[in-house]
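The values are calculated or read from the model by the stated rules, or taken from the named source; none is laboratory data. Since we're looking at a predicted model, the values are computed, not measured. For neighbour counting, all protein chains shown are included, and Cβ atoms are generated from backbone atoms with ideal geometry for every residue, glycine included.
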Amino acid sequence: MRDGSDRTSGCPYQAHSEETAPTARTPDPCRDYLLLRDEEPVRRDDVLGVWFVTGHHEVRRLLGHPALSSAWQQGGRTRLHEESGSASSATGARAAELVRGWFMFRDEPGHADMRRLVAPLFSAQRLAELRPYVMERVAELVPEGRNTLDIVTDVAVPLSSSIICRLLGLPAGVAPLLSGWADDLAALLVADYRPDVVERGRRALAEIAAVVAEAGSAGDFPEGSGLDVLHTAHRRGAIEAADVPDTAALLVYAGFETTSTFIGKAVRTLLHAGAWSRLGDVEPDALVTELLRFDTSVGQVARLALADIEVAGRTIGRGDLVLLMLGTADRDPRVFADPDHLAFGRAVKRHLAFGHGAHYCLGAGLARLETAAVLGRLHAVWRSAAVVRPPSAPALDAGHGLAHLHVRGEPRHAAAGI
């Protein structure tokens, strides 16, 4: 099971639901962004006024290009902003003003300095220390004897939120709030041309800042936690006071959202591709790696061109907004043989699910740990599983995440007395 011939079929997926006959077929859940694959690897969309980059080689190159800025919120505009008259006229702010302190939207050296500060929270050592707690929480959320679960609301959301609270040093009682905050912030980052979305984002950031301030005034966060690291850095003058709530909000959004989204996607992919039986005989790292390639946790990232850039025979102009389509790039047939099928024995590991280069996702290891733990636990308690109703997506979601994924499992061990 180490070569490229080790693969499952079933994309377009086999549908398994109460409403759909077992032989019926449903399209690849990634079909929306895969439609872009039929176009040139770099093309201008005159409707939105942005560039789409879909080729794997091109996306990988541009993720590290010095003339592409991560501070795209500051100057990036689409036709949607122009047609709406800009959210700022109605609400007094765009996303750029509300998330100005997030280091993911900074270029060097500011980005590297802040990333270096919080990187130990996601180190291999910290993840190893966290692993027993992850396994304990997964066992609580996926108990033996329970045969139906909403993988998103019953497992992924409570697991990821409790772990981010633990990493940051926030009280456990805050965990149920993270999902709502993350949803509002995700909407803000993709639709700040809508005044209602801006207001929701503003409220979420204010609530996070209030929780962080309360924890800081109490001074009861654990040593080595995220809030401890941030407050210590502020006391020694390494960061500004505003960097504490801003960075906490970023970690709430990115640390929670990336992981919880991928857990739901991973389970959906396995079920729809008919690959549940592979859970027991594929190495966890290979399993998660291929699931990441197949359906990325983050479908796209944006950049702003600071100068003209020549790529794939096209010229991206200075000031242009560029969307690097990670999900489409990871289905590029020039790089991945038979890309629309799961192949757990692929030798190629260069997927872009978590980006590439200086902005590679800090939470990648955490997402892998949590997802492997969930899949391992589901396999331990259920011999097989099926989706019982069509999955649903959030109303505003750029990453093609899931709001609900209802699954029924067949217990591996019969209940006592039956």
Scanning the range 289-304 residue by residue, those crowded, with 22+ Cβ neighbours inside 10 Å and assigned to a helix (DSSP H, G or I) turn out to be Glu290, Leu291, Leu292, Arg293, Phe294
For the range 127-145, pairs from a residue that is at positive phi to a residue that is part of a loop (DSSP other than H, G, I, E, B) and at pLDDT below 95, with Cβ under 8 Å and 6 or more apart or across chains, are Gly145/Ala415
Of the listed residues (Pro29, Pro41), the one being under 30 Å from Ala312 (Cα atoms) and at pLDDT 90 or above is Pro41
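Here's the yes/no breakdown for (1) more than 22 Å from the chain's Cα centre (by Cα); (2) aliphatic (A, V, I, L, M):
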residue: Val190; (1), (2): no, yes
residue: Arg202; (1), (2): no, no
residue: Ala209; (1), (2): yes, yes
residue: Ser217; (1), (2): yes, no
residue: His231; (1), (2): yes, no
residue: Ala242; (1), (2): yes, yes
residue: Asp281; (1), (2): yes, no
residue: Val288; (1), (2): no, yes
Taking the range 119-139 and keeping only residues that are surrounded by 11 or more Cβ atoms within 10 Å (Cβ to Cβ) and not aliphatic (A, V, I, L, M), one is left with Pro120, Phe122, Ser123, Arg126, Glu129, Arg131, Tyr133, Glu136, Arg137
Checked Ala156, Ala119, Ala128 against criteria (over 19 Å from Tyr253 (Cβ atoms) and assigned to a helix (DSSP H, G or I)); the one match is Ala128
Please determine whether any residue of the range 102-115 is of a type in the set (Gly, Ala, Ser), at pLDDT below 95 and not in a loop (DSSP other than H, G, I, E, B). yes
For the range 260-272, pairs from a residue that is aromatic (Phe, Trp, Tyr) to a residue that is buried (at least 24 other Cβ atoms within 10 Å of the Cβ) and outside any helix (DSSP H, G or I), with Cβ under 7 Å and 6 or more apart or across chains, are Phe262/Ser297
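Table: residues versus (1) polar (S, T, N, Q); (2) in contact (Cβ under 8 Å) with a residue 24 or more places away in the chain; (3) farther than 27 Å from Trp72 by Cβ; (4) surrounded by 22 or more Cβ atoms within 10 Å (Cβ to Cβ).
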{"residue": "Trp102", "(1), (2), (3), (4)": "no, yes, no, yes"}
{"residue": "His111", "(1), (2), (3), (4)": "no, yes, no, no"}
{"residue": "Leu117", "(1), (2), (3), (4)": "no, yes, no, no"}
{"residue": "Leu170", "(1), (2), (3), (4)": "no, yes, yes, yes"}
{"residue": "Asp196", "(1), (2), (3), (4)": "no, no, no, no"}
{"residue": "Glu199", "(1), (2), (3), (4)": "no, yes, no, no"}
Here the residues within the range 157-203 that are touching an Asp or Glu at 6+ places or on another chain (Cβ under 9 Å) and within 21 Å of Leu321 (Cβ to Cβ) are Leu185, Ala186, Ala187, Val190, Tyr193, Val197, Val198, Gly201
Open item on the list: Condition (residue is surrounded by 17 or more Cβ atoms within 10 Å (Cβ to Cβ), modelled with pLDDT of 95 or more, among the β-branched types (Val, Ile, Thr) and not in a helix (DSSP H, G or I)) applied to the range 384-393: is it met by at least one residue?
Closed with: no
Residue hits (the range 308-357; within 28 Å of Val190 (Cβ to Cβ), basic (Lys, Arg) and surrounded by 21 or more Cβ atoms within 10 Å (Cβ to Cβ)) are Arg331
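Mind listing just one residue for me: the one in the range 320-368 that is part of a helix (DSSP H, G or I) and not aliphatic (A, V, I, L, M) and, of those, nearest to Ser123 (Cα to Cα)?
My answer is Gly365.
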